[in-house]
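Colleague: Attaching a single structure in structure tokens format; questions to follow.
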Amino acid sequence: MVSDRDVVEEDDLDIDAQEEQDERRARRRRGLIAVILLLLLLMCCCTTVSQVWLTGGREQARFLARNIECLECHTDLIPDFSEPAVHDPFALQQCTTCHVPHGKKVSVTSATVSSDLMQRFSRILQWAPIRWWLSLSESDAAQVGSSSTTADPSTSSSKSIKATDSGLIMPETELCWTCHGSMGAKLGDEFPHEPFAAGRCTNCHNPHASKYKSLLLMAPQDLCFTCHPMVGELDRMQTHPPAKEGRCLECHDPHASNYQGMLVSSQRVLCTRCHPSVELKSTMAIQHVPFLNGDCTGCHQPHGSRYTPLLNAVQPDLCYQCHDSTEKDFRRPSHHPVGGTFMCTSCHDPHAAQYLNLVAATGNNFCYQCHEQKRELYDTSSHAPVRCDRCHTSHGSNNVPLLQERNPSLCFQCHSRSGFDERTHSVANKNHPVRGAHYDVNAEAPLTCTSSCHDPHGTRLNRMLRYFDYHRDGTCLMCHAVTQGSRVGIDY
């Protein structure tokens, strides 16, 4: 017969067995969790390492290992390894290549920075297989995971950190020159960029990594415009494409130059790289002084202008800045309509030409470009050997039409006065009263050589007469006619 005591003992055994079974199950669960965690750790390891490998190669992975203590706090630098432009000392060497281990503390406190990522990465890097993988091509593999600084284990969690200055091992400019020594020589250039002269390289460059070429802090057009907004120039009617598109470095040296405006070369060489048709004129006999001296900005704006083609002022005001005497000529009663029908550049090449005064043709051919209707008769007249500018001024005159002197004084410079008698009008002696009180009723002005008798540019009649008929009195009857028709003649 089973006693109550035996029953109790059996129950206790059952409970112990159940507890032991539960413990075994718990251990199995913990083991399974450990395996899962290990697998996850391996996945993290493979993901992290492969990411570093794919984005930057083994050297970057080694850099992470060598500088793990620095990156535990400076977690913002970790994504920089994936940037297109990475500074070699940052990617391939230790932080202490440029920085002292701790830096100089300042009173500013930054926001809380989480180092969970670096905790995970630090543990991965200390794992033996990973250390071996990183050391495959590095003789000092034993040093992987170490650094010249000593990390405080308590800093491995999220924390508030003190902001530090750059903590460079030497002044910024000198430090940069240790690798970029050629830049130091540019300090002797006549026109240095202010940040460069002051040694503030990091005003423009990121010392670690950047999305932009040459480690710039931002896209070149945005970077330059932060200090040189040029709002007024780029909002004008016409803009220079390199300036409008922010291609500043096509024309300017970002560090220093021996050319004013920090240009990469002289204005003439620089401008003709894009304007080769102008360069061809450099061999012409007559050159405009600004063009000869390579002073393109003497006439043109390099960025933007209200006037085409990128002129400093509207024509003819721009030309008057140097040719003030010409401005006075154009203010005379008789003048070419410059600034209206045509401009200064309608007659003159602003760069260079083969003929004096920068005109496109020589002699009367130049005038025929606009006065083509005069060519046929003039070239067959007795005046043909006479250049247009022997009688006419080019810009303006007090005598209509643009005459060098008043008529008939101008004519008498070539036509001797011996055939002229102011006291009589003897036709037999070839005299005619073209002075004094004699009046041209048709022109309502004093009688002149060309008012009613002669056309100075030529006619199909003898002696360049304006009118003629079979009775040889056509020209005379212009003034000496009876009261017929629209003209009122004077019957002497």
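Residues checked against (1) farther than 26 Å from Val386 by Cα; (2) outside the structural domain of Asp189 (by TED's automatic domain parsing); (3) within 28 Å of the chain's Cα centre (by Cα):
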{"site": "Gln267", "(1), (2), (3)": "yes, no, yes"}
{"site": "Thr272", "(1), (2), (3)": "yes, no, yes"}
{"site": "Val278", "(1), (2), (3)": "yes, no, yes"}
{"site": "Tyr307", "(1), (2), (3)": "yes, yes, yes"}
{"site": "Gln321", "(1), (2), (3)": "yes, yes, yes"}
{"site": "Cys347", "(1), (2), (3)": "no, yes, no"}
{"site": "Thr362", "(1), (2), (3)": "no, yes, no"}
{"site": "Cys370", "(1), (2), (3)": "no, yes, no"}
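Table: residues versus (1) assigned by TED's automatic domain parsing to the domain that holds His180; (2) modelled with pLDDT of 75 or more; (3) under 41 Å from the mean Cα position of the chain (by Cα).
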site: Val35; (1), (2), (3): no, yes, no
site: Leu38; (1), (2), (3): no, no, no
site: Thr75; (1), (2), (3): no, yes, yes
site: Asp88; (1), (2), (3): no, yes, yes
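Colleague: Let me confirm something: among Gly396, Gly304, which residue is under 27 Å from Ser409 (Cα atoms), buried (at least 18 other Cβ atoms within 10 Å of the Cβ) and either touching a helix residue (DSSP H, G or I) at 6+ places or on another chain (Cβ under 7 Å) or in contact (Cβ under 8 Å) with a residue 40 or more places away in the chain (or both)?
Modeller: Gly396
Colleague: I'd like the full set of residues that are part of a loop (DSSP other than H, G, I, E, B), of a type outside the set (A, V, I, L, M, F, W, C) and within 20 Å of Leu215 (Cα to Cα), limited to the stretch 246-265.
Modeller: The answer is Gly246, Arg247, Asp253, Pro254, His255.
Colleague: Going through Glu69, Glu83 one at a time, which residue ends up being farther than 26 Å from Tyr212 by Cα and at pLDDT 75 or above?
Modeller: Glu69
Colleague: State whether one or more residues within the stretch 203-216 are under 26 Å from Leu310 (Cα atoms) and surrounded by 14 or more Cβ atoms within 10 Å (Cβ to Cβ).
Modeller: No: the stretch 203-216 contains no residue that is under 26 Å from Leu310 (Cα atoms) and surrounded by 14 or more Cβ atoms within 10 Å (Cβ to Cβ).
Colleague: Take the stretch 284-317 and flag every residue that is over 24 Å from Thr239 (Cβ atoms) and aliphatic (A, V, I, L, M).
Modeller: Met284, Ala285, Ile286, Val289, Leu292
Colleague: Let me ask something additional. Quickly run through the stretch 181-196 and pick out the residues that are surrounded by 14 or more Cβ atoms within 10 Å (Cβ to Cβ) and either at positive phi or modelled with pLDDT under 90 (or both).
Modeller: Met183, Lys186, Leu187
Colleague: Here's a follow-up. Exactly one of these conditions fails for Ser325: (1) assigned to a helix (DSSP H, G or I); (2) within 26 Å of Tyr355 (Cα to Cα); (3) in contact with a helix residue (DSSP H, G or I) (Cβ under 7 Å, 6 or more places away or on another chain). Give me its number.
Modeller: (3)
Colleague: Suppose we keep only residues that are in a helix (DSSP H, G or I) and among the hydroxyl-bearing types (Ser, Thr, Tyr) within the stretch 207-245. Which one would you say is farthest from Val86 (Cα to Cα)? Working first, answer last.
Modeller: Start the filter on the stretch 207-245 by keeping residues that are in a helix (DSSP H, G or I), which leaves 213-215, 220-227, 231-234, 241-244.
With among the hydroxyl-bearing types (Ser, Thr, Tyr) added as a condition, the list becomes 214, 226.
On the way: Ser214: 9, Thr226: 23 Å.
Residue satisfying both the conditions and the ranking: Thr226.
Colleague: Condition test on Ala285, is it without any contact (Cβ under 8 Å) to a residue 24 or more places away in the chain and under 30 Å from His392 (Cα atoms)?
Modeller: no
The values are calculated or read from the model by the stated rules, or taken from the named source; none is laboratory data. Quantities reported herein were computed from a predicted structural model and do not represent experimental measurements. Note: ideal-geometry Cβ built from the backbone for every residue, glycine included; neighbour counts use all protein chains shown.
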